[in-house]
Amino acid sequence: MYGNMNALIISSIIQIIPLMQLIFYDEKQNFKLTNKKILNKLLNILTGFFAVLLYSKEYKYVFQFQEQLLLNPLNVIKNKQIKLNLLLLNIYILIHSYNFNNKNNNNTSSNNTEDTSNNLNNNFFLQQLIKFFKLYSNFLHFNFQSNISIKELVELINSNNWYIKKTKNINLVYEKFYEDLQNRILNFSTKYENDLGVKEKFNYLEKQTKLKNELTIFVQEKIKNKNIQITKDLLKLKETDLKKKNQSKRNWKNILRSLINERGPWNEKANNLENQNYEIYWKLDPSENSRRERRRLKRNYKFDNHAKASILRDYGGVNKSEEILKKLNKIEMELKLKQMEVDKKLNLNQNLDLKRDLEFEKELKLEKLKFDQLILKTQVEIIKPFKISKGILKITTNSIQFFGKFSKSNRKKNNQERGKSIDENNQKFAKKNKKSSRSNKNNQIISRDRIWYLDNIKEIHFRRYHLKPSAIEIFFTDQKIIFFNFDKQEIRNKFFNTILDLNPINLLEHSNDNISKNLYNSQLTKLWKNRQLSNFEYLMKLNKIAGRTYNDLCQYPVFPWVLKDYTSRKLDLNDPNVYRDLAKPVGMWNNKHQNELDLKFQEFAGNPEMGIIPFHYGSHYSNIGTVLYYLIRLEPFTTMAIELQGGKFDHPDRLFDSIQQTYENCYNSLSDVKELIPEFYYLPEFLENINEFDLGKKQNGIMINNIKLPPWANGSPEEFVRVMRMALESDYVSEHLNEWIDLIFGYKQKGEEAIKAKNVFYYLTYADEVEKLDLDNIENQKFKESIESQIENFGQTPCQLFKKPHPKRSPKDLYQLYSKIDLKKFKQCFHPTIFNHNSEVIFSSIFINDYEIFGTTSILFTFDKSRKITKYGYNFTQIQKNKMVFSIENDEKITNNKSIGLPFAEGIDYFCNCLRLNENGSVFFTCGYWDSSFRINHLSEYNQHHFITIIKHKDIVTCLSFDENVLVTGSRDTTAIIWFINNLSKNIFDHNYITLNKILFGHDDEITCIDLKHDLDTVITGSKDQTLIIHSLQQGNYIRTIKCSSVPKMIKILDNGSFLVYFPDKSNMKLFTLNGKPINIIPIYEQIMDWKLTRDKKYLITVGNKGSLIIRGSFHLNQLERYNFKSGLTSLALSQTNEIIVIGLKNGSIALSKFL
């Protein structure tokens, strides 16, 4: 039966193969099959057919079909891989044929029979083999002699040269096939040994053995190297796959968040969650502005109300009953189910398809990284509050790359020991607290790879970590900051020098370990002394130079208490009695403490056998506990404070609850000598329990909620912060701030002067004392841990910046930039001179002794309703002390009688929203044209107005705003676009002059007004849909929506983190915080046409369509001064020093006057 079956199969194959010939060739016998995939499949089928024929000993059919199907195409196939496969198939068939034939010969010879039809001559096989090898070798550009002998052929096959040539041209898929082929060729060669002479045979065997040994070693080495490479490739693939997975999840999560926010297309889905009880929670955004203020909150998508921490606080100190345990478990289960339900409905935990394309921007970054050249590679830690990430850091020619994992550690702290000082625990606290440092036992590990481009580096500074000089902090142009800690100081220095050698194009500032030199080079003290820096800015910069950072709570920036009156209903900042004595440390406010401090210091000084360096205070004015004490209401610090307390809230009576009470504690107790943090002077949100945490009930029965403010704050956190900031910038503080600087950063920080000032702290808070201990070489692990715990938890003294008394500030009358504006002078100074312009001026700008524009100073730039640009040169004559008479002259070099741009579209009535001039007056931005375009006009001399027109919006561009090379446009198509202008001095026709960064969505109707503040990373848009939407400027991320009762028409973002909005339909003006909280609202009795802020940001000047010029306070918005013109007003401009004011009148006139 089997024989019949074989015969049937062979018969079928013999009939099929000629049919396949029709597929390979056309009528003229030309090879026509060129499809690569089909040809490969057919070759695989033919290989199977030939194997059957060979096994059945049908050699005549093998060679017949081989000649017809496999040899002829060799000269016409162009695909190298297919041609190579075809050649090797021929050789494979030939060797198989020989083996079957030889086996048959052996069988027939033993039976003394011979079948001439099936037994082929060995010489034929040799000739065919050499023929195919010649073809194969020619294809590989390998020299192969036609008269090669069997011996030479075998040596060639076993040579390294042959092996290398072969491996360069084959795929791994065919590797086993070629190994089998090589083995069969070797077997083929052994069949000819009997035909060789004895001597030749002996030499051949000896050489063959040697070649085989060498080949074995070579193959083993190749296999070993290949396995290593395969392992590396697999690890790399896994790493890449993990990166793509993490990045893809982050990208999709960001997309989902943008879809489900209250202005997203899926907002109804989010609002319907949990029966319409879907709440929005907030946390602090770590981005910093140029003054190192962190003013903005961002959405907290992983919010925890810390109900468990509240229950543990209330019941953790007693034996828990079954009822309490059930209650706790029930709350935990409810929270988990709620989070699971929210995540499920929002698809945040959905398994993502990793085969989806990543965001195009990410792909470009990865492509860019392929061409990076590795320069430095080292181990590093990224330090963040309560987060440490260990990994590998690489510096390439274009970027800094980090590959590692963040660990969220749980600090285990003894609740009773946390607030105590070293001396209260008899200097044994550090040993007791040796296990309180960050534990990795139950850490949550989060994979996180990061890339930072060198071109984005703005500043790089040396830092200390745990008082060791091993860290670096890098500031980026997108307001992000990263803190690296290295194993050794030498590695840190090498990293620093490598970055400087690469010369990042945006690097503005760098500093090393030479603190005094860094401070001298910065000229900060000179700037502050000359009143070119505010007190806040100067203190923040001193903190930065001294190594204080937001990234390490142990080295948080430190600010002084400046006021001592927290009980009065009204506060007079001109009264010196409301201020603290800045020459004394906190512990010396109360004179009763002097004797106690002297006794303590003398006790340690008189007993050197105790081994403790004398000190006045066992606690410190700035430590991790102090920072979290102040910021407990604000995430992520709430979570950190709970971790610090071992998973629960601290006792309510120990929480930060009252400004007055906290001050009194510092005044009365030597164990509480804490200073303030910067947030007291710019961030009102930390004073409110905005996330409604259960902070507990005090022993007097009062629940802890928002901070109890002084009476003079009128219950407003914003008013409290405003007054604190005013007090910091007051005349009294300006005169005495140098005394506080001497205590914290100066010559009274340590040494004899510190002893005299009663300003010596525990010795482990000073870096030089820790350096003497040489912690890296301490063998006693318990002692080392206790020292490290003390350093980490109980305060670190800043670097000493000054070794001599700090200079006092110069009198304010000598310098004007930060001197007060005296409104009493307004009526004395304001005497406008009127000039005729012949057309209604809708925009103006003035430059007086501030910039050099077009080769002149003191110029006036105007743009009128006929769309004509005019430049006036002007001068003035002072005829009285506070009165000036002006004269102006048209400058023909810049004035152009031609109208620029197309006519304005209908409905454009607020031209102050459509026109912007850059800082030095060289580029003028205009919009409002009917063709949906906006224009960039480059102004130059001799009437050469170069401009470009940009059309990207789908409807009329209704408003624009410009700040620090960033332009934002808003349109009737409901979108806003963020544009980056790469270089204002470039040729505007360069295709890289302006680039589109982000398109902002969210509005349902025309955008009516827009403003941006680069330093605050914020853009705010107003719309006819009666909403205000806040986005981040750099990333274009949606932050929040403010719903209004009417259409906003004008927006102005202030430097202090608030913004003004004008609503003409409701005839009012509102002031909001940057985080959307309304502060003040006032009625407006005439339409505002333009507004400006004075240089000190304290006063707002508005001009109205009925002719009123009004000066208001920028916080309370109350009217302070007023001047009425006979004609309606259209535009307003102030010189930088606020000495000159320019007003455009509706009747076509221009008014100039001395202002203040």
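The values are calculated or read from the model by the stated rules, or taken from the named source; none is laboratory data. Keep in mind that this is a model prediction, so the values were computed, not measured. Heads up, the Cβs are rebuilt from the backbone with ideal geometry, glycines too, and the neighbour counts pull from every protein chain shown. With ligands, DNA and RNA removed, areas are computed over all heavy atoms of the protein, side chains included. Shrake-Rupley method; radii C 1.70, N 1.55, O 1.52, S 1.80 Å.
Could you list, in sequence order, all residues of region 1046-1104 that are surrounded by fewer than 17 Cβ atoms within 10 Å (Cβ to Cβ) and of a type in the set (Val, Ile, Thr)?
ILE1081, ILE1082
Could you list, in sequence order, all residues of region 896-906 that are of a type outside the set (A, V, I, L, M, F, W, C) and at pLDDT 80 or above?
PRO903, GLU906 - these are the residues of region 896-906 that are of a type outside the set (A, V, I, L, M, F, W, C) and at pLDDT 80 or above.
Checking LEU1109 against (1) over 30 Å from GLU679 (Cα atoms); (2) at pLDDT below 90; (3) out of contact with any Cys (no Cβ under 7 Å at 6 or more places or on another chain), which test does it fail?
Here LEU1109 clears every test but (2).
Out of all the residues in region 653-668, is one or more free of Cβ contacts under 8 Å to residues at least 24 places away in the same chain and not charged (D, E, K, R)?
For region 653-668, residues free of Cβ contacts under 8 Å to residues at least 24 places away in the same chain and not charged (D, E, K, R): present.
Looking at ASN514, ASN518 in this structure, which one is touching a strand residue (DSSP E or B) at 6+ places or on another chain (Cβ under 7 Å) and open to solvent by 20 Å² or more (accessible area, probe 1.4 Å)?
Exactly one of ASN514, ASN518 is touching a strand residue (DSSP E or B) at 6+ places or on another chain (Cβ under 7 Å) and open to solvent by 20 Å² or more (accessible area, probe 1.4 Å), namely ASN518.
Yes or no: region 630-639 includes at least one residue that is open to solvent by 20 Å² or more (accessible area, probe 1.4 Å), in contact with a strand residue (DSSP E or B) (Cβ under 6 Å, 6 or more places away or on another chain), in contact (Cβ under 8 Å) with a residue 60 or more places away in the chain and on the phi < 0 side of the Ramachandran plot.
So far as region 630-639 goes, yes, one or more of its residues are open to solvent by 20 Å² or more (accessible area, probe 1.4 Å), in contact with a strand residue (DSSP E or B) (Cβ under 6 Å, 6 or more places away or on another chain), in contact (Cβ under 8 Å) with a residue 60 or more places away in the chain and on the phi < 0 side of the Ramachandran plot.
Say we look at region 293-317 and pick out the residues that are in a helix (DSSP H, G or I) and of a type in the set (Ser, Thr, Tyr); which of these is least open to solvent (accessible area, probe 1.4 Å)?
So, considering only residues that are in a helix (DSSP H, G or I) and of a type in the set (Ser, Thr, Tyr), the one least open to solvent (accessible area, probe 1.4 Å) is SER310.
Specify the residue that is nearest to ILE1084 (Cα to Cα); the eligible residues are those in region 1116-1142 that are open to solvent by less than 30 Å² (accessible area, probe 1.4 Å) and not in a strand (DSSP E or B).
Step by step, filter region 1116-1142, then rank; the result is LEU1117.
When the residues of region 818-850 are narrowed to those that are under 43 Å from the mean Cα position of the chain (by Cα) and open to solvent by 70 Å² or more (accessible area, probe 1.4 Å), which ends up modelled with the lowest pLDDT?
Per the stated criteria, the residue is TYR818.
Within region 603-638, work out how many residues are of a type outside the set (A, V, I, L, M), outside any loop (DSSP other than H, G, I, E, B) and modelled with pLDDT of 90 or more.
Selection size over region 603-638: 7.
What strands (runs of 3 or more DSSP E), lying completely within region 468-514, carry at least 1 residues that are more than 19 Å from the chain's Cα centre (by Cα)?
Filter on region 468-514 gives 468-476, 509-511.
Scan the helices (runs of 4 or more DSSP H) fully inside region 731-805 and keep the ones with 1 or more residues being aliphatic (A, V, I, L, M) and closer than 30 Å to ASP572 by Cα.
Answer list for region 731-805: 731-744.
Just to be sure I understand, how many residues within region 681-701 are touching an Asp or Glu at 6+ places or on another chain (Cβ under 8 Å) and in a helix (DSSP H, G or I)?
Number of matching residues: 2.
What is the one condition in (1) out of contact with any His (no Cβ under 8 Å at 6 or more places or on another chain); (2) of a type outside the set (A, V, I, L, M, F, W, C); (3) open to solvent by less than 10 Å² (accessible area, probe 1.4 Å) that THR1021 does not satisfy?
(1)
Quickly run through region 452-470 and pick out the residues that are closer than 20 Å to ASP501 by Cα, out of contact with any Phe, Trp or Tyr (no Cβ under 8 Å at 6 or more places or on another chain) and either at pLDDT below 90 or open to solvent by 20 Å² or more (accessible area, probe 1.4 Å) (or both).
Answer for region 452-470, where residues must be closer than 20 Å to ASP501 by Cα, out of contact with any Phe, Trp or Tyr (no Cβ under 8 Å at 6 or more places or on another chain) and either at pLDDT below 90 or open to solvent by 20 Å² or more (accessible area, probe 1.4 Å) (or both): TYR453, ASP455.
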